[in-house]
Each structure stands twice: as C-alpha cells, then as structure tokens.
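Each reported figure results from applying straightforward, stated rules to the coordinates on display, with no laboratory input. Quick caveat: nothing in here was measured; it's all calculated off a predicted structure. As a convention, Cβ positions derive from the backbone with ideal geometry for all residues, glycine included, and neighbour counts pool all protein chains shown.
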Amino acid sequence: MVSHIPRVYLAGRIGPGAMMVEGEPARHLATVLRMRPGDPVLVFAGDGREWEATVTGSTRSGVAIEVGGIARQEASPLVVLEVWCALVRATRFEWAVEKCVEAGADILRPMTTARTQRGDGASAAKMARWQRIAVEAAEQCGRLYLPVVEQAQPLEHLLETFRGTMVFGARDGRPLEDAARLMPQHGHVAIAVGPEGGFSGEETAALARAGAIPVSFGPYTLRTETAAVIGAALTRAAVASAAGSSV
C-alpha cells in the first residue's frame with residue numbers, strides 16, 4: 001500500500017465511473033508506485049477539479065481506475081502569472097521549469113535575447129520534455145490548473161504581443177515588494193528574466209518603453225534560472241498580497 005495518495009494528470013474530461021489510465025502515467029502507477037487494486041489515487045485534468053479514484057486492476061494497455069467524487073476544486077486564478085525566462089543550458093532550464101511551476105507560474109515563455117548563449121534553442125523534443133516536466137511538477141505540488149510551456153520567442157516579439165502588467169529583473173530596480181501596489185487584481189502579470197550578462201541596453205530601453213517595471217530580487221547576483229524561480233515566487237506573493245489588501 002502506498003504511504004501517500006499519488007496525483008495523476010489525465011488529459012481530457014474526467015467524471016465519475018470507470019476509466020483507463022494509459023501511457024506514462026500508467027507506467028508510473030504500475031511500475032514505479034506498484035499500485036494494486038484497492039489503492040487510492042487522485043486524478044485531475046487541469047480544469048480546477050481533483051477527483052478521488054481507486055485502482056481496480058491493470059492490463060497491458062494501462063491501469064483501470066474507478067473515479068468517485070470531487071476531492072477539491074477551485075476557481076480559475078484571477079491573475080495569470082507569466083514567466084519569461086531567457087534560454088540557458090538544458091539541465092538548468094529544465095530545473096527552472098519545474099521550480100517555476102511549484103512557485104506559481106501559469107505560463108512559461110522561453111525567451112531569446114541578444115545575449116542568449118549561441119546554440120540555445122527550443123526543438124520540438126525540448127518543448128515536449130519541458131511540458132512533461134511542468135505536468136509532473138503540477139502533479140507533485142498539488143496544483144489544480146495545468147501550467148503551460150509556450151514556444152520560445154524573441155523578447156521583442158513578446159513585448160509586441162503582451163497585454164498586462166510587466167516587471168523585469170534589474171540589479172538597480174526597486175524591491176519587488178514595493179511594486180506590489182501596482183499589481184492588478186485580474187489579468188496577466190509577466191516577469192522577464194534575462195540571460196547571464198543581463199539584458200542589453202537596447203533591450204532594457206525596449207522594456208521601459210513597453211511599460212515594464214525594473215525590480216530587484218535581492219542584494220546578490222543570481223543565475224538566470226534562480227532569478228526566474230525567486231521572481232515567480234515573489235511576484236505570486238505580491239499579487240496575493242495586493243488581492244488581500246483590497247478585500
């Protein structure tokens with residue numbers, strides 16, 4: 001018997017009754033967790049609801065479960081948090097994806113900049129892997145809505161298409177908590193984190209023209225992936241604080 005109840009993301013609609021878990025989630029339940037008939041499992045489809053379920057058996061095609069009632073549910077977030085993170089080495093960016101999901105990011109946008117390392121990129125295989133990492137992080141940390149990893153885009157394209165409140169990491173920026181009063185109660189908030197070496201002068205000017213607020217994540221120089229995670233956590237907390245103070 002498992003010592004805790006595992007959570008599994010299942011694409012598509014979930015409702016009471018018999019279901020078959022297939023693919024990688026089934027392999028994880030059957031091979032890694034060694035779940036047996038009668039073991040409980042929680043399933044969610046990223047729509048704000050989590051369902052109680054019980055394993056009823058397994059076949060070559062997957063793990064059979066019986067879905068019962070709703071265990072938890074919540075409304076969609078009023079503020080959608082985007083993290084624009086400059087591309088870095090593969091293992092470091094994967095870590096950023098996982099931890100940004102845990103920190104509260106709803107959309108992750110890989111970003112190319114003037115100082116992005118040559119050879120960095122986002123192939124179809126990388127995109128699929130990043131989305132799998134986001135799903136696994138959501139399963140682990142208990143999120144009910146599924147974060148999305150978007151296709152990599154140049155900073156200038158993101159600035160042209162974004163509509164919302166934007167902040168970006170800058171050593172001489174204002175403390176993020178000071179910017180909390182500027183956070184909206186609904187809509188999109190984006191945080192842009194540059195590569196090693198930071199944004200170029202032209203990029204900093206473009207961010208300013210777009211209305212982005214320069215913010216500091218503390219007194220120390222952080223790696224790109226560390227700044228993305230800390231920025232996501234602080235921004236999510238600032239958004240929550242702004243929402244709480246308005247009640």
Checklist outcome for this item: Placing +1 on each Lys and Arg Cβ and -1 on each Asp and Glu Cβ in the chain, then taking the dipole about the Cα centre, the residue among L33, H186, I107 whose Cα reaches farthest towards the positive end is L33
Checklist entry - Once the Cβ-Cβ distance between D178 and R129 is put in as r, and R0 is 25 Å, what FRET efficiency do you end up with, to the nearest 0.05? => result 0.10
Checklist outcome for this item: Rh_Kirkwood(segment 140-229) over Cα pairs, Å, one decimal, evaluates to 14.4 Å
Checklist outcome for this item: On the formula 1/(1 + (r/R0)^6), with r taken between the Cβ atoms of A205 and D47 and R0 of 51 Å, the FRET efficiency rounded to 0.05 is 0.80
Next on the checklist: About the Cα centre, and with charges only on the beta carbon of Lys, Arg (+1) and Asp, Glu (-1), how big is the dipole of segment 98-157? Nearest 20 debye, please.
Outcome noted: 220 debye
Next on the checklist: Using the Cα centre of segment 7-73 as the reference point, and only Cβ charges (+1 on K/R, -1 on D/E), how large is the resulting charge dipole? Debye, rounded to the nearest 20.
Outcome noted: 120 debye
Checklist entry - Rg and Dmax of the chain, Cα atoms, in Å? => result 20.0, 60
Item to check | Spatial separation of Cα centroids for segment 95-172 and segment 48-69, in angstrom | outcome: 31 Å
Checklist outcome for this item: Bridge orientation stat for the chain from DSSP, antiparallel percent rounded to 5, came to 40 percent
Checklist entry - Quick one: Kirkwood hydrodynamic radius for segment 7-73, alpha-carbon pairs, angstrom, one decimal? => result 11.6 Å
Checklist outcome for this item: Karplus ³J(HN,Hα) for segment 156-171 (6.51 cos²θ - 1.76 cosθ + 1.60, θ = phi - 60°; Hz, whole; x = Gly/Pro) runs 4, 5, 4, 5, 5, 9, 7, 10, x, 8, 10, 10, 9, x, 8, 4
Checklist entry - Of all the stretches in the chain, which is the longest one without any exposed loop site, taking trypsin sites (Lys or Arg not before Pro) in a DSSP loop (any state but H, G, I, E, B) with at most 16 other Cβ atoms within 10 Å? => result 164-222
